[in-house]
Amino acid sequence: MTGDPKAAARAEAFARRKEAHALDRGAASGVLSEVLAGYRGVPLSGYLPIRTEIDPRPAMAEAAAHGVVGVPVIAAAGQPLDFATWVPDGPLVPGPFGAEVPEVIVPMVPQILIVPLVAFDRKGGRLGYGGGFYDRTLEGLRARGPVLAIGFTYAAQELDGLPLEPTDQPLDMIVTDHGVIEVGA
């Protein structure tokens, strides 16, 4: 790859994600629900999908019947994410970067994060949008205690040789439309 390796990897992964999204029939959310069933009642954060991101909301709605579910809220550039409690069919308003947020922000702290991504590898490497929000957030949460980071993605977004940096926080597990990848197994 020439130029910026992360930009080139993102461009390839975005193209793959767009193709996979066009074929998506929602089955991956069932796989995610099965994984989350083993953690009933543990506070978790999902995300409200933008553009062609895979949609975790059905699994989030199921998890919300058993415990607190939140979504990320961007406080400011260069800062970790905050999290607001989310309820299925609750009122939402536009937030930064095109993602919706709950109309009323009720803070929560997750122990499980369902993480969106642009590309991943089987070692738990994750390439995001480039803002570092999840890396800063995971680093801070992990400094306080155990946190499970689950990448949720289309299998087509897997890339070998991701251009990762020491500050990139690894995923603990990856759930795709083709199944579960146990990192380090």
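No lab work stands behind these numbers, since they all come straight from the coordinates. What you are looking at is a predicted structure, and each value in this text was computed from that prediction instead of being measured. Every residue, glycine among them, receives a Cβ derived from its backbone with ideal geometry; neighbour counts consider all protein chains shown.
If you bin every alpha carbon distance in the stretch 5-81 into 10 Å steps from zero, what whole percent lands in each bin?
17, 36, 35, 12, 0
At what distance in nm do the modelled label points of Ala75 and Arg122 sit from each other, each positioned 7 Å from its Cα along Cα→Cβ?
About 3.9 nm, to one decimal.
Once you order the gyration tensor axes a ≥ b ≥ c over the Cα atoms, which shape class does the stretch 124-182 get: rounded for a/c under 1.5, otherwise prolate or oblate by comparing a/b with b/c? Don't skip to the end; give the middle numbers.
Details: a/c = 2.21, a/b = 1.35, b/c = 1.63.
It is oblate, given that a/c is not under 1.5 and a/b is not larger than b/c.
Using the basic label-point model (7 angstrom from Cα toward the beta carbon), what is the Glu19 to Thr52 distance in nanometres?
0.9
Over the chain, what is the relative contact order in percent, taking alpha-carbon pairs closer than 8 angstrom and at least six residues apart?
Details: 370 pairs, mean separation 43.5, N = 185.
Dividing the mean separation by the residue count of the chain yields 23 percent.
Which whole-number percent gives the relative contact order of the stretch 26-84, counting Cα pairs below 8 Å spaced six or more residues apart? Write down the numbers at each step before the final one.
Details: 75 pairs, mean separation 19.7, N = 59.
After rounding, I find 33 percent.
Net charge within 13 Å of Ala63 by Cβ-Cβ distance, Lys/Arg positive one each and Asp/Glu negative one each, not counting Ala63 itself? Don't skip to the end; give the middle numbers.
Details: positive: Arg40, Arg57; negative: Glu34, Glu62.
Charge balance in the 13 Å sphere: 0.
For Ala27 and Glu139, compute 0.36 nm times the residue count separating them, minus their Cα-Cα distance, and round to one decimal in nm. Show your work: numbers first, answer last.
Values: separation 112, 0.36 × 112 = 40.32 nm, distance 3.07 nm.
Full extension of this stretch gives 37.2 nm more.
In which sequence would Arg136, Arg144 go, from the one with the fewest C-beta neighbours within 10 Å to the one with the most? Provide the component values of the computation, followed by the final result.
On the way: Arg136 16, Arg144 9.
So the residues, fewest neighbours to most, are Arg144, Arg136.
For the stretch 5-182, taking Cα atoms only, what is the radius of gyration to one decimal and the Dmax to the nearest whole Å?
Reported Rg and Dmax, both Å: 15.0, 42.
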